[in-house]
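Participant: Here it is: the structure, laid out below.
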Amino acid sequence: MNIASDEPDPVYALAATPNGTLFAGRRSGLFIAANGTGWTSLPVEATPSAASSITALAVMPQGDAVFVGGYGYVARLTASGALQRVSVLPRPLPLVTALVVSPDYARDGVVLAGTAEDGVFRSIDHGEHWAPWNIGLLDHRIIDLALSPAFAVDDTVFAATETGVFSSVNGGRSWRMSAFPRDDDPALCLAASPCSAQDVTVYAGTEGGALLVSRDKGRSWCEMPGVATDGQPINALVCIDATTLIAGLADRLLLIEGILDPCPRVVQETACQSITALTCLVPAPDTLVAIVGSADGQITRLRLR
Amino acid sequence: MFRRPHVLFQPAAQRHFLRGVRRMANVLRPTLGPFPRGVLVAPERGIGREPEWLDSGGLIARRMVRLADECADPGAMFVRHMVWRLHEEVGDGTATAAVMFHELLEQGMRSIAAGSDPMRLRRHLDALTEAICTALAAQAIPLEGRPQITRVAESLCVDTYIAATLGEVLDIMGAGGCIEVRSGLRPGIEREYVEGAVYESAILSPRFEVESTPRQIELEQAAVVISDLEVANSHDLLRAMELALAAGARALVLIVDHLSDEALALLEVNRRTGALPSFAVRVPGLRREEQIAALEDVAVLTGGIPLRREAGAMLSAITLAHLGQVRRAWANNTHVGLARGNGDPRTVRSRFETLRQAFESTDNPPTRRDLQQRIGRLNGGNAVVRVCGATAAETSAHIALVQRAVSVLRGALRSGVVPGGGAALLACRQAVHAASADRDGEAACAMWRRALAAPARVIVANAGYDAGAIIRMLDSLPAGHGFDVRSGRLTDMRCAGILDPVATLIAAVRAAGGSAALALTIEAQVYRRSPPASVEP
């Protein structure tokens with residue numbers, strides 16, 4: 001699947017709703033593909049800057065709406081793509097790089113936005129008002145955010161930065177450094193295991209190609225054995241279930257199984273160019289489809305099983 | 001007043017000393033436990049001043065600068081200074097220490113009267129003190145999460161609303177965060193979180209004062225000149241302004257020692273025309289070393305290089321590398337804030353770690369306080385807790401209470417908590433074994449066993465129960481169980497959420513044990529003709 005364009009139009013973010021509708025955030029704006037067919041541009045108006053780039057996406061837990069982030073704002077759209085609200089972030093306008101929505105969004109209204117230079121912004125009123133919460137966050141360059149699957153109970157959230165991973169146990173209001181084994185290796189992506197409500201298992205991919213795992217709410221990290229990346233940056237991670245992880249490297253996509261075992265194994269390796277964004281669809285219990293976005297603007301569907 | 005210096009030897013010296021200790025311990029005893037009783041302290045002088053209602057052992061001891069009974073005065077002052085020092089260091093545990101010290105001294109003096117040797121007793125007491133501290137540390141569990149912190153805060157300040165606020169503030173700010181306690185305008189307790197590194201510093205000129213509400217100047221994407229220079233020449237300042245614009249900054253923050261009128265005029269013109277909005281503030285800190293530390297920390301946070309006069313730096317020699325950058329800066333008449341600096345995160349982390357290690361390795365309270373503030377600023381946020389009571393006396397009592405609770409909660413977050421302070425001390429009796437089976441060793445063990453039971457006895461009695469019967473019941477309970485004086489039931493203290501900071505208990509045990517070991521070796525007391533009032537320890 002490709003969107004024709006004269007200029008490079010990198011894909012910054014991808015998201016899928018439970019009913020299979022896909023959203024893509026690109027330099028040129030927001031695109032939607034209902035039922036995975038045909039991409040249509042969606043205008044996001046009344047934004048505080050002229051830049052049209054959509055740099056972050058997050059689907060609400062029930063799949064009935066999607067949050068999109070760009071330069072200085074977070075907008076909320078319905079699952080069909082109708083714009084509901086644009087909320088401007090406090091000045092100086094930050095560039096949103098990551099968005100996460102609380103699994104208990106309907107009750108707590110918590111949405112977090114990671115930014116390129118300004119740390120983490122937090123909203124507790126369903127994304128209407130935002131405030132920076134950077135206490136303990138010594139690195140403000142946020143690359144990715146991930147929530148604990150039990151966020152509604154444990155308030156745990158992780159932030160990937162240029163100097164490692166920070167974690168928060170109070171819903172993103174204060175942060176603490178983790179013992180990240182690679183200080184000089186920026187963490188590029190995070191994925192929390194959806195089945196680890198007790199211990200909170202979280203995975204991190206780094207620029208140096210290390211795939212790291214923490215099984216203690218991000219306090220300590222270790223490298224996952226058995227996953228050869230040849231030093232290629234791991235740009236995107238998606239945790240499908242307790243045993244399966246998909247990693248998007250700069251040059252290929254890896255399907256890794258047995259991630260709870262002492263030695264996980266790569267069961268499928270697919271060549272892909274410059275992966276920048278990744279999301280997954282599970283149309284049937286035994287089917288897994290990866291949607292891969294790349295720096296050159298390609299969006300590809302790959303059937304993994 | 002004695003007409004001439006007066007010397008008393010044993011046993012009279014010990015008798016009088018013990019009388020003073022007993023007097024002071026009896027004043028502090030009612031403040032122990034979750035149901036403290038107050039102590040009303042009359043104003044020292046001045047007609048019409050309100051008496052103070054206090055329930056903090058440290059503050060009560062500070063108010064007692066002299067006893068009318070001159071012979072007992074040295075004993076009372078000995079306790080006063082022990083308690084005050086403890087209050088300065090950990091903020092709490094003063095009544096616990098006083099009660100244990102009194103018990104150790106009573107038993108020790110009996111033992112000496114029965115033939116024990118004071119020096120051998122001292123050695124045994126010192127060894128046992130360390131064993132008890134180790135046993136306490138072994139019982140510690142980490143303090144985590146808002147509910148647990150709130151429960152510990154409740155045991156410190158009784159007021160559930162204050163405890164809930166402190167639970168939230170400490171959960172967010174952590175042990176090393178900057179927490180300021182100020183008097184508020186509305187009755188009750190309020191809290192506010194301020195982003196960035198906040199320093200006390202004045203805007204240099206009234207021209208920079210703003211009429212807007214709140215009275216605060218806000219700048220975005222500002223370059224920061226970090227210096228302690230006196231800026232007299234507007235040409236030098238112009239160079240800094242040109243560099244700021246060349247660096248892509250939209251505003252300028254000047255940290256300097258002094259600005260001439262000429263330089264101020266230049267800043268003001270550019271501020272009014274919008275060419276380069278700016279403000280100038282004085283170097284934060286009163287002492288020189290404080291100022292140097294502030295400049296270095298700002299440099300790390302903003303990615304600049306400080307221009308220091310000791311190093312012969314001049315503003316005319318400023319380069320792009322000297323300029324720090326922040327995403328947001330603000331200043332009002334008393335404070336300046338710098339948020340989201342452009343400093344290298346690795347350098348910030350390294351500085352943070354260095355300061356944290358320096359904090360861990362020093363015991364000097366003022367040094368620890370300074371380091372605490374620096375760590376808090378690097379941490380990127382500040383919490384302001386505002387407290388207000390119905391009267392000035394109530395407000396100051398609440399401020400003192402909140403400050404003490406914050407200090408203790410910091411210690412609890414660092415070192416952990418034990419299930420029930422009184423119960424934890426009782427459990428330590430099992431660790432009290434004499435190194436050698438001599439008579440003095442046995443006596444020291446017996447002294448410590450009684451002293452360790454004393455706080456639980458007082459807590460129970462203060463809550464209105466029969467202490468003797470309850471302590472006998474506690475003896476048969478498993479570890480971690482105790483008597484909850486709120487519900488009046490025997491319970492698992494951890495499950496009931498009755499937690500006490502282990503650092504406070506260890507400090508109290510050390511203070512009581514060390515002071516008792518020393519006091520038992522007193523052979524004579526010298527009374528001066530006109531003894532000075534006891535002021536500072």
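Participant: By per-residue mean of other Cβ atoms within 10 Å, what is the highest-first order of B:182-193, A:176-187, A:102-113? Intermediate values should be presented prior to the final figure.
Facilitator: Values: B:182-193: 14.2, A:176-187: 17.5, A:102-113: 19.7.
Per-residue mean Cβ counts within 10 Å order the peptides as A:102-113, A:176-187, B:182-193.
Participant: Around A:Leu304, under 15 Å between beta carbons, what's the net of Lys plus Arg minus Asp minus Glu among the other residues?
Facilitator: Values: positive: A:Arg252, A:Arg265, A:Arg301, A:Arg303, A:Arg305; negative: A:Asp241, A:Glu257, A:Glu269, A:Asp286.
Once all neighbours under 15 Å are counted, the net charge is +1.
Participant: May I have the extent of the alpha carbons of segment B:149-201 along their three principal axes, as whole Å values ordered from largest to smallest?
Facilitator: Principal axes ranked by extent give 35, 27, 13 Å for the Cα atoms.
Participant: Lys and Arg at +1, Asp and Glu at -1: add these up for the other residues within a Cβ distance under 12 Å of B:Val385 and post the number. The partial results should precede the final answer.
Facilitator: Working: positive: B:Arg182, B:Arg191, B:Arg386; negative: B:Glu168, B:Glu180, B:Glu190, B:Glu192.
Summing Lys/Arg as +1 and Asp/Glu as -1 gives -1.
Participant: What does the highest-first list of B:341-351, B:505-515 look like by mean Cβ count within 10 Å?
Facilitator: Values: B:341-351: 18.6, B:505-515: 24.7.
Those peptides, ordered most packed to least, come out B:505-515, B:341-351.
Participant: For segment B:157-186 and segment B:348-407, what is the separation of their Cα centres, given in Å?
Facilitator: 11
Participant: To check you understand DSSP bridge types, tell me what percent of the beta bridges within chain B (both residues inside) are antiparallel, rounded to 5.
Facilitator: Values: 40 of 59 bridges.
Beta bridges within chain B, antiparallel portion: roughly 70 percent.
Participant: Next question, about the same structure. Provide the per-residue ³J(HN,Hα) series for segment A:144-150, in order, calculated from phi with Karplus coefficients 6.51, -1.76, 1.60 and θ = phi - 60°, each as a whole number of Hz, with x at glycine and proline positions.
Facilitator: Using θ = phi - 60°, the values come out as 8, 10, 9, 9, 5, x, 9 Hz.
Participant: Then there is this: For the protein assembly as shown, what proportion of DSSP beta bridges, expressed in % and rounded to the nearest 5, is antiparallel? Kindly include the intermediate steps, with their values, before the conclusion.
Facilitator: Values: 130 of 151 bridges.
Looking only at bridges with both residues in the protein assembly as shown, the antiparallel portion is about 85 percent.
Participant: Go from 0 up to the bin containing the longest alpha carbon distance in segment B:236-313, width 5 Å each, and give me the % of pairs per bin.
Facilitator: For segment B:236-313, the pair-distance distribution reads 3, 13, 23, 26, 19, 12, 4, 0.
Participant: Rule-of-thumb check for segment A:1-160: C-alpha Rg over 2.2 N^0.38 Å? Could the numbers behind the result be given before it?
Facilitator: Details: Rg = 14.9 Å, N = 160, 2.2 N^0.38 = 15.1 Å.
Expressed relative to 2.2 N^0.38 Å, the Cα Rg reads 0.99.
Participant: Given axes a ≥ b ≥ c from the Cα gyration tensor, I'd like to know whether segment B:88-134 is rounded (a/c under 1.5), prolate (a/b larger than b/c) or oblate. Walk me through the numbers on the way to the answer.
Facilitator: Working: a/c = 3.18, a/b = 1.65, b/c = 1.92.
Verdict is oblate for segment B:88-134.
Participant: Pairwise over distinct Cα atoms, reciprocal of the mean inverse distance: report the Kirkwood radius of segment A:70-183 in Å, one decimal place. Walk me through the numbers before you get to the answer.
Facilitator: Numbers: mean 1/r = 0.0708 Å⁻¹.
It is 14.1 Å.
Participant: Working only with C-alpha atoms, what are the Rg and Dmax values of segment B:291-420, expressed in angstrom?
Facilitator: Cα-based Rg and Dmax for segment B:291-420 come out at 18.5, 63 Å.
Participant: What share of the DSSP beta bridges in segment A:90-188 is antiparallel, in percent to the nearest 5?
Facilitator: Numbers: 23 of 24 bridges.
Of all bridge pairs located within segment A:90-188, approximately 95 percent are antiparallel.
Participant: Sticking with this structure for a sec: Cβ under 13 Å from B:Ala12's Cβ, B:Ala12 left aside: what net charge do those residues give with Lys, Arg +1 and Asp, Glu -1? Each step should come with its number before you reach the end.
Facilitator: On the way: positive: B:Arg15, B:Arg19; negative: B:Glu523.
Result for the neighbourhood of B:Ala12: +1.
Participant: For chain B, what is the charge dipole size about the Cα centre, in debye to the nearest 20, if Lys and Arg each add +1 at the Cβ and Asp and Glu each add -1 at the Cβ?
Facilitator: On the way: 62 positive and 58 negative charges, 256 e Å.
With Lys and Arg at +1 and Asp and Glu at -1, about 1240 debye.
Participant: Additional query: Which semi-axis lengths, in whole Å and largest first, follow from the square roots of five times the eigenvalues of the Cα gyration tensor of the protein assembly as shown?
Facilitator: Details: eigenvalues 657, 254, 102 Å².
Semi-axes (√(5λ), whole Å): 57, 36, 23.
Participant: With Rg and the Kirkwood Rh both taken from Cα atoms, where does Rg over Rh land for segment B:222-266? If you can, show how the numbers build up before the last one.
Facilitator: Numbers: Rg = 10.0 Å, Rh = 10.5 Å.
In segment B:222-266, Rg relative to Rh is 0.95.
Participant: For segment A:85-219, build the charge dipole from Cβ charges (+1 Lys, Arg; -1 Asp, Glu) around the Cα centre, then report which of A:Val86, A:Leu212, A:Ile143 sits farthest towards its positive end.
Facilitator: Working it through, the farthest residue towards the positive pole turns out to be A:Val86.
Participant: While we're looking at this one, here's another question. Per 5 Å bin from zero, what fraction in whole % of the C-alpha pairs of segment A:151-305 is there, up to the bin with the longest pair?
Facilitator: P(r) over segment A:151-305, rounded to whole percents: 2, 10, 19, 22, 21, 15, 9, 3, 0.
Participant: May I ask for the Rg/Rh ratio of segment B:409-511, computed from Cα atoms with Rh as the Kirkwood radius, given to two decimals? Could you put the intermediate results ahead of the total?
Facilitator: On the way: Rg = 14.3 Å, Rh = 14.4 Å.
Computed over Cα atoms, the ratio is 0.99.
Participant: Would you mind checking the radius of gyration and Dmax of chain A based on alpha-carbon positions, in Å?
Facilitator: Gyration radius and largest Cα-Cα distance of chain A: 17.6, 51 Å.
Participant: Can you give the percent of C-alpha pairs in segment B:281-354 whose distance is more than 19 Å? Mind showing how you got there, number by number?
Facilitator: Details: 1053 of 2701 pairs.
Summing the P(r) tail past 19 Å for segment B:281-354 gives 39 percent.
Participant: Report, in debye and to the nearest 20, how large the dipole of the protein assembly as shown comes out about its Cα centre when Lys and Arg carry +1 and Asp and Glu carry -1 on their Cβ. Working shown, then result.
Facilitator: Details: 81 positive and 89 negative charges, 606 e Å.
That gives the protein assembly as shown a dipole magnitude of about 2900 debye.
Participant: Okay, next question. So what is the relative contact order of segment B:1-151, in percent, for Cα pairs below 8 Å that sit 6 or more residues apart?
Facilitator: Details: 132 pairs, mean separation 34.5, N = 151.
23 percent.
Participant: Under a 10 Å cutoff between Cα atoms, tell me which one of A:Ala277, A:Ala15, A:Ala34 has the largest fluctuation in the Gaussian network model of chain A.
Facilitator: A:Ala34
Participant: Just tell me how shielded B:377-384 is by partners: mean number of partner chain Cβ atoms within 10 Å of each residue's Cβ, no decimals. Don't skip to the end; give the middle numbers.
Facilitator: On the way: counts 0, 2, 8, 11, 8, 1, 1, 0.
For peptide B:377-384, the averaged partner shielding equals 4.
Participant: Would you mind calculating the relative contact order of chain B from Cα pairs under 8 angstrom and at least 6 residues apart, reporting the percent as a whole number? Don't jump to the answer; show the numbers that get you there.
Facilitator: Values: 1037 pairs, mean separation 144.8, N = 537.
Rounded, it is 27 percent for chain B.
Participant: Is there a simple number for the mean count of other chain Cβ atoms within 10 Å of the Cβ of residues in A:121-130, and what is it?
Facilitator: On the way: counts 0, 0, 0, 0, 0, 0, 0, 0, 0, 0.
Mean number of neighbouring Cβ atoms from other chains: 0.
Participant: Amide H of B:Leu259: which non-local residues (sequence gap of 5 or more, or other chain) have their own amide H closer than 5 Å, using H built in the peptide plane?
Facilitator: Residues meeting the amide H criterion: B:Val231.
Participant: For chain B, just the Cα set please: Rg and Dmax, both in angstrom.
Facilitator: Taking only Cα atoms of chain B, I get Rg and Dmax of 27.8, 88 Å.
Participant: Going highest first, how would you order B:93-101, B:195-203 by mean Cβ packing within 10 Å? It would help to have the intermediate numbers written out before the result.
Facilitator: Values: B:93-101: 29.8, B:195-203: 20.8.
Ranking the peptides B:93-101, B:195-203 by packing returns B:93-101, B:195-203.
Participant: Post the alpha-carbon centroid distance, segment A:95-167 to segment B:418-486, in whole angstrom.
Facilitator: 47
Participant: Once every DSSP H run of n ≥ 4 in chain A is given -39500 (n - 2.57) and the sum is divided by its residues, what mean residue ellipticity at 222 nm do you get, rounded to the nearest 500 deg cm²/dmol?
Facilitator: The helix contribution divided over chain A gives -500 deg cm²/dmol.
Participant: With all distinct Cα pairs included, what does the Kirkwood hydrodynamic radius of segment B:1-152 come out to in Å, to one decimal, could you say? Don't skip to the end; give the middle numbers.
Facilitator: On the way: mean 1/r = 0.0561 Å⁻¹.
Roughly 17.8 Å, rounded to one decimal.
Participant: For chain A, what is the relative contact order in percent, using Cα pairs closer than 8 Å and at least 6 residues apart in sequence?
Facilitator: On the way: 928 pairs, mean separation 37.4, N = 305.
Normalised by residue count, the contact order of chain A is 12 percent.
Participant: As a test of the formula, what do you get for chain B when each DSSP H run with n ≥ 4 contributes -39,500 (n - 2.57) and the sum is divided by the residue count, at 222 nm and rounded to the nearest 500 deg cm²/dmol?
Facilitator: Working: 17 runs with 262 residues, N = 537.
The per-residue figure over chain B is -16000 deg cm²/dmol.
Participant: Could you state the principal axis extents of the C-alpha atoms in segment B:103-161, from the largest down, to the nearest angstrom?
Facilitator: The principal-axis extents, from largest down, are 53, 25, 11 Å.
Participant: Further question: Quick one: Cα convex hull volume of segment A:9-90, Å³ per residue? Can you show the working numbers first?
Facilitator: On the way: hull volume 6.4 nm³, N = 82.
Cα convex hull per residue, to the nearest whole number: 78 Å³.
Participant: List the residues, sorted by chain then number, that are 5 or more residues from A:Ser87 or on another chain and whose placed amide H is less than 5 Å from its amide H.
Facilitator: A:Val74, A:Ala75, A:Arg76
Participant: Enter the mean number of other protein chain beta carbons within 10 Å of the beta carbon of each residue in A:136-143, as an integer. Write out the running numbers ahead of the final one.
Facilitator: Numbers: counts 10, 5, 14, 6, 9, 1, 0, 0.
Partner-chain Cβ atoms within 10 Å, mean over residues of A:136-143: 6.
Participant: How big is the Cα convex hull of segment B:430-487 in projection, averaged over all directions, in nm²? Don't skip to the end; give the middle numbers.
Facilitator: Values: hull surface 18.3 nm².
Its Cα hull, projected and averaged over all orientations, spans 4.6 nm².
Participant: What is the Cα centroid distance between segment B:263-312 and segment A:6-27, reported in whole angstrom?
Facilitator: That distance is 45 Å.
Bear in mind these aren't lab numbers, they're just calculated from the coordinates by the rules spelled out. For clarity, every value in this text was computed on a predicted model and none was experimentally measured. We place every Cβ from the backbone using ideal geometry, glycine too, and count neighbours over all the protein chains shown.
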